[in-house]
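*Asks:* I'd like to ask you about the structure that follows.
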Amino acid sequence: MATETPPPAKHPASLPSTEEFTEVQQSAEFGELRRAHRSFAFPLTIAFIAWYLLYVLLSNYAGDFMGTKVAGNINVALVLGLAQFLTTFLIAWWYARHAAAKLDPKAEAIKSRMEGGA
């Protein structure tokens, strides 16, 4: 069964030129947006990778510690493994809040100015 291709999205009458994109990219406002993103994303990415590598290293080299029973058949390895999922979801939630509060308004202002030609 063939599906129809959706119609192309409607674009503003005049798209910004390459020079306008370059000008915005070099603006202080865009630099502030980039810094706001990087100052949040880079440290959290490094922290999560370190946390993940710690888990892997403990799993490989600290078997006795990871096998320590916490409650019933639940051991440290299971608790830390589930904590990996929990921190993934927490970071995603935290980033969504950060983006909605700090990044999206700045990006929307730049976008509307570019599309409006102001």
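*Asks:* For residues that are more than 18 Å from I46 (Cα to Cα) and more than 15 Å from the chain's Cα centre (by Cα), tally how many sit in the stretch 82-106.
*Replies:* Residues that pass the stated criteria total 3.
*Asks:* Just checking, does the stretch 100-108 include any residue being among the aliphatic types (A, V, I, L, M), over 15 Å from L33 (Cα atoms) and open to solvent by less than 70 Å² (accessible area, probe 1.4 Å)?
*Replies:* No.
This table checks each residue for (1) closer than 16 Å to K111 by Cα; (2) modelled with pLDDT of 95 or more; (3) surrounded by 12 or more Cβ atoms within 10 Å (Cβ to Cβ).
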site	(1), (2), (3)
E20	yes, no, yes
Q26	yes, no, no
F30	yes, no, yes
A50	no, yes, no
L53	no, yes, no
L58	no, yes, yes
F65	no, yes, yes
I74	no, yes, no
A83	no, yes, yes
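*Asks:* Against the definition (at negative phi and open to solvent by 100 Å² or more (accessible area, probe 1.4 Å)), how does Y95 come out, yes or no?
*Replies:* no
*Asks:* Which pairs do you get when a residue that is under 20 Å from F48 (Cα atoms), found in the stretch 58-87, comes within reach of a residue that is among the β-branched types (V, I, T), reach meaning Cβ atoms under 7 angstrom, with the pair 6+ apart or on two chains?
*Replies:* Qualifying pairs under 7 Å: M66/V76; V76/T68; V76/V70; V79/V70.
*Asks:* Does L78 qualify as being in contact with a Leu (Cβ under 9 Å, 6 or more places away or on another chain) and part of a helix (DSSP H, G or I)?
*Replies:* Criteria not met by L78.
*Asks:* Give me a count of the residues in the stretch 71-94 that are out of contact with any helix residue (DSSP H, G or I) (no Cβ under 7 Å at 6 or more places or on another chain) and either among the β-branched types (V, I, T) or under 26 Å from Q26 (Cβ atoms) (or both).
*Replies:* 3
The values are calculated or read from the model by the stated rules, or taken from the named source; none is laboratory data. Every value quoted in this text rests on a predicted model; they were computed, and no experiment measured them. In this analysis, Cβ positions are derived from the backbone assuming ideal geometry, glycine residues included, and neighbour counts consider all displayed protein chains. For the accessible areas, the whole protein counts, side chains as well, though only heavy atoms, and no ligand, DNA or RNA atoms are used. Shrake-Rupley method; radii C 1.70, N 1.55, O 1.52, S 1.80 Å.
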